[in-house]
Each structure stands twice: as C-alpha cells, then as structure tokens.
Amino acid sequence: MLSKIVRTISDQLILFILVFGFYIITHGHLTPGGGFQGGAVIASGVVMMIVAFGSNQIKKSLRERHLAVVESSGALIFIGMAFAGLGTTFFYNFLVGTPVFGIIPPTGPNPGNLWTGGVIPLMNLGVGLKVIAGLSAVVLAMALFSSGEEVEE
Amino acid sequence: MIQYIPYNIPFIAVALLVGIALYILIFKRNMVKIVMGVAILGAAVNLFLVALGYRAGGVAPIYTVSPQGPMVLPVPQALTLTSIVIAVSIIALMLTMVMHTYRHTKDVDAKKSRTMKG
Amino acid sequence: MRQIAGWILLIVLVAFLISGALSMHPFGYPPSDMDDYMIENSQAETANNNVVAAVLFDYRGLDTLGEATVLFTAVTGVLLLFRALKRKEKGS
C-alpha cells in the first residue's frame, strides 16, 4: 500500500480509464481499435489499482469465481454469434441489410454511422469481456502468490 | 514522405534483432534473462510482419474521414494482432514456471534446477 | 568447447538471415492481388468502414477463434498452477 497522495489520485483516475477503454471497444468498426486493444487498456487500469492499494484489499472486491463467470460469458457470446449464421455457412454475416446493425455505408471516405457493421460490434463486445477478465485474473494471482503467502480460493 | 529506401534497411534490422535474441538464448544462464530473450524474439517477428505490407506514400486502411492516397495492405496488420496476443500468453506461462522453480531451489541459475527430486 | 560451437552456429544463422533479407522485394512496393480485392469490395459485402476489423472478424474469422482458444488455455493453465501449491502444503 503506497502513500495517501497516490491512493487519492488513482481513485480519481480510474473513471477516465474505464470510459476511454469502453469507447475504444464500442467504436471498433469506425476508428482503429476493437476488442483486444480496449480490453488491454481496462486491464492496465485494474493493475494500477492493485499497485496502489495492495493485493490483499483488492481480493475482497474481485473474487475469482465472478471473474470466471465473466470470461466464460464473453467466450459464449463470440461462439453464439458464429453459430447463429449457420443457415448458409459457419461465420456468415447474417445482419447485413436488416435495420438492426446493417445499414450499408456509401463508398469512399464518409463520416461514419454507428449502426453499420453487421455482426462485428457484438463480436467485439464478447472478445473485450474475455480479455478484461483473463488478464486481471492472471495479474491478481501472481501478486497474491508473491506477497502475502495467503491461500487463494 | 519516404519514397525510396536503399538496400531494404527494415529487413536487415529484423535479422539483427533475431541475432541478438539467439545470442541471449544460447549463452546466458540466468532464467529471467532467458525470458527476456524470448520476448525480444516475439517483438522481432511482429516488426517483420508489419514491414511486409507497406506501400510508399500510403494512408491507413480505414474509410472514415480518410485523406487521399493509396491504402496500405490490411491483411498483415490483422495477422500481427493475433501474434501479439499469443506472445503475451507464452511469456505469462514462462514467468509462472520461473516463480515456482525459484521457490523450490532458492536460486535463479538454470543449471542447478536439473537435479530436483519429488 | 561449447563456446566455439555456439559462436559458429550463431554466425551461420545470422548470415543466412541477412542474405535472405537482401533478396526480398524492394521495400514499399509489395505484390498485392488479394488485398486489392479486399480494399475495393469491403464496404459493399460486409457493410463496414474499418477494413482491418472486417478482415479479422469476417474474411478470416477462424484465426480469431483459434487465438481466443489460446488465450483461454493460457489463463486456465496459470490459475491451475497457482492452486496446486496450496493443496500440496496443506495436504501432506
């Protein structure tokens, strides 16, 4: 656990990091970014909280079984979107043309529209959840092993 | 804008980085330094993949408010994303094995961990 | 003895790599037939502005599925190794 100035500033800074990470995940089909990049940004914010507050205090809020549920649901969303287009082939983009996510943009440079992209924004969400839970669980396990010698349930 | 680079300098830089990583893997005995050598090898392969698909005077391959000009090839950039994630997984597993070995033998030398019992 | 064999192996490998780097295509003018088709027809077939995301999730989605499996296996392996030590200390 570090000094009081570091703890106060990291309390204020975690909100901006979360908003920035979710912006990169959500706009993955308009600007450079996507699922993997946004997940790495949010996982680095969690690592900053572990360094500032000590791993024994973060362990009370982030239990391991909750992180396992989040990671498994992210993988199930990714596989479900792949199986849902099985009428034609395995990874078919079945939402192009429908008004849910499938407006076709005009060719050439244009200001982007959020409701384009087909099945890709939902796949970005699934991969982002999986990367957040996976990297946070790995860093938390390593910090608990090397500092406290406590049991990890 | 860079129009002509003589003698393929980025590919020679990739060959030198692979040479440095192989020197670390052959001659060093500290376990943490061996993990650093594997990380440098992964980074050299990523640089080679990105440098393969560059077009002279090109812009990013995204159609949202893009400037004029020919676009850079998009397929090597997609392969590089996959390679970065796999390199992170390899380094995480190697560091776990290093931590367990240090806890048993209290030494980071790679030759003394060959006679572990039990 | 081991030092001499190591140095010979290193010099042979680096010379092979540099001779391979000097005989590639000139830097900045790559051969591109598949990528021209993807840049032209990406907005009409996948309704997407980002060509890299369309290549990752639509044209080459099976590679992303394999990479998600590798990430899941690595995280499971790390968490499994940190659990076996606690049971060995308490049980025996």
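Placing pseudo-labels 7 Å out from each Cα toward the beta carbon at residue C:1 and residue A:23 gives an inter-label distance of 6.4 nm.
By how many degrees, between 0 and 90 and to the nearest 10, does the Cα long axis of helix A:4-26 differ from the longest principal axis of chain A? So the inclination is approximately 20 degrees.
The orientation-averaged projection of the convex hull spanning the C-alpha atoms of the range C:2-91 amounts to 12.8 square nanometres. Computed over the range B:6-118, the range of Cα coordinates on each principal axis works out to 65, 33, 15 Å, biggest value leading.
For the residue pairs A:60/B:106; A:59/A:130; B:33/B:112; B:33/B:111, the C-alpha atoms sit more than 23 angstrom apart in A:60/B:106. For chain A, the equivalent ellipsoid built from the Cα gyration tensor has semi-axes of 37, 20, 9 Å, listed from largest to smallest.
Applying the Karplus relation 6.51 cos²θ - 1.76 cosθ + 1.60 with θ = phi - 60° to the range B:52-62 yields 3J(HN,Hα) values of 6, x, 10, 10, 5, x, x, 10, 5, x, 10 Hz, where x marks Gly and Pro. So if R0 is 22 Å, what FRET efficiency would residue B:33 and residue A:147 give, r being the distance between their Cβ atoms, rounded to the nearest 0.05? Efficiency, from the Cβ-Cβ distance: 0.40. The Cα center of the range B:65-118 and the Cα center of the range A:38-100 differ in position by 21 Å.
The modelled label-to-label distance between residue A:16 and residue C:16, using points 7 Å beyond Cα along the C-beta direction, is 5.1 nm. Binning the C-alpha pair distances of the protein assembly as shown at 20 Å intervals from 0 yields a P(r) profile of 23, 50, 26, 1 %, listed from the shortest bin outward. Treating r as the C-beta distance of residue A:89 and residue B:66 and R0 as 25 Å, the FRET efficiency rounds to 0.20.
Here, each number is a calculation from the coordinates, and none is a lab measurement. These figures come from a predicted structure and were not determined experimentally. Heads up, the Cβs are rebuilt from the backbone with ideal geometry, glycines too, and the neighbour counts pull from every protein chain shown.
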